[in-house]
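Everything below concerns the one structure shown next.
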Amino acid sequence: MSQTIVKWLDKKQFVGIDSSRHSVVMSSQDAENAVGCKPSDLLPLALGSCVAVDVVEILAKQRTPLASLEIVIDSQQDPAPPWAFRRIHLTFRVAGAGLTPRAVERAIRLAEGKYCSVADTIRAVTKITLDFELDGAVYACPGEAAEAVPA
């Protein structure tokens, strides 16, 4: 079992400390307190970074390492409290010598579908959709609705 800590600093400001003793500042987003991450933004960020770690590792093991990776995360929450996340869409922007659409798609699918604990935890209540951009083209990951890929 791992342990994480949230410490109240002042007003609506907190620091989160992970199991490795790294920290992140969090706060409400009103003008007086906006000094850190919005706590609810940490869920989509956790999903994106959880998948990213494995995508990087999978592609490196395939001897097609990335030159760059950026994930744009769009999330949709319910309009009323408690504002549950209903949909999170990840667009992977990747570049690297020797990358093919098939290799990138496989790495993303394995990372999100098999290895990411965050995705596995939220999948029952949050629809996760994926696509990626490689060499100026946008590709949907199989199983995704057509609207997931912009025209």
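Looking at V15, V94, V55, which is the one that is under 20 Å from E112 (Cβ atoms) and either touching a strand residue (DSSP E or B) at 6+ places or on another chain (Cβ under 6 Å) or surrounded by fewer than 15 Cβ atoms within 10 Å (Cβ to Cβ) (or both)?
Of V15, V94, V55, the one residue that is under 20 Å from E112 (Cβ atoms) and either touching a strand residue (DSSP E or B) at 6+ places or on another chain (Cβ under 6 Å) or surrounded by fewer than 15 Cβ atoms within 10 Å (Cβ to Cβ) (or both) is V94.
Residues checked against (1) over 20 Å from P44 (Cβ atoms); (2) at pLDDT below 95; (3) not hydroxyl-bearing (S, T, Y):
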| residue | (1), (2), (3) |
| --- | --- |
| L69 | no, no, yes |
| S75 | no, no, no |
| A97 | yes, yes, yes |
| F132 | no, no, yes |
| D135 | yes, yes, yes |
| E144 | no, yes, yes |
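All but one of (1) in a strand (DSSP E or B); (2) outside the structural domain of C116 (by TED's automatic domain parsing); (3) modelled with pLDDT of 95 or more hold for L9, so report the exception by its number.
(3)
Of the residues A103, A119, A52, A84, which single one is over 25 Å from V24 (Cα atoms) and of a type in the set (A, V, I, L, M, F, W, C)? Outline the logic, then answer.
Working: A119 fails: over 25 Å from V24 (Cα atoms); A52 fails: over 25 Å from V24 (Cα atoms); A84 fails: over 25 Å from V24 (Cα atoms).
Going through A103, A119, A52, A84 in turn, the sole match is A103.
In this structure, is D135 acidic (D, E), over 18 Å from the mean Cα position of the chain (by Cα) and not assigned by TED's automatic domain parsing to the domain that holds V6?
Yes; evaluated as a whole, the condition is true for this residue.
What residue, among those in segment 107-122 that are crowded, with 16+ Cβ neighbours inside 10 Å and of a type in the set (D, E, K, R), is farthest from the chain's Cα centre (by Cα)?
Step by step, filter segment 107-122, then rank; the result is R109.
Has segment 27-48 got at least one residue that is surrounded by 14 or more Cβ atoms within 10 Å (Cβ to Cβ), out of contact with any Lys or Arg (no Cβ under 8 Å at 6 or more places or on another chain) and closer than 15 Å to C141 by Cβ?
Yes, segment 27-48 contains a residue that is surrounded by 14 or more Cβ atoms within 10 Å (Cβ to Cβ), out of contact with any Lys or Arg (no Cβ under 8 Å at 6 or more places or on another chain) and closer than 15 Å to C141 by Cβ.
Can you pull out the helices (runs of 4 or more DSSP H) entirely within segment 30-148 that have at least 3 residues that are within 30 Å of K7 (Cβ to Cβ) and of a type in the set (G, A, S)?
In segment 30-148, 42-61 are the helices (runs of 4 or more DSSP H) which contain 3 or more residues that are within 30 Å of K7 (Cβ to Cβ) and of a type in the set (G, A, S).
The values are calculated or read from the model by the stated rules, or taken from the named source; none is laboratory data. This one's a predicted model, so the numbers in the text were calculated from it and none came from an experiment. Neighbour counts are summed over all protein chains in view; Cβ atoms, including those assigned to glycine, are modelled from backbone coordinates with ideal geometry.
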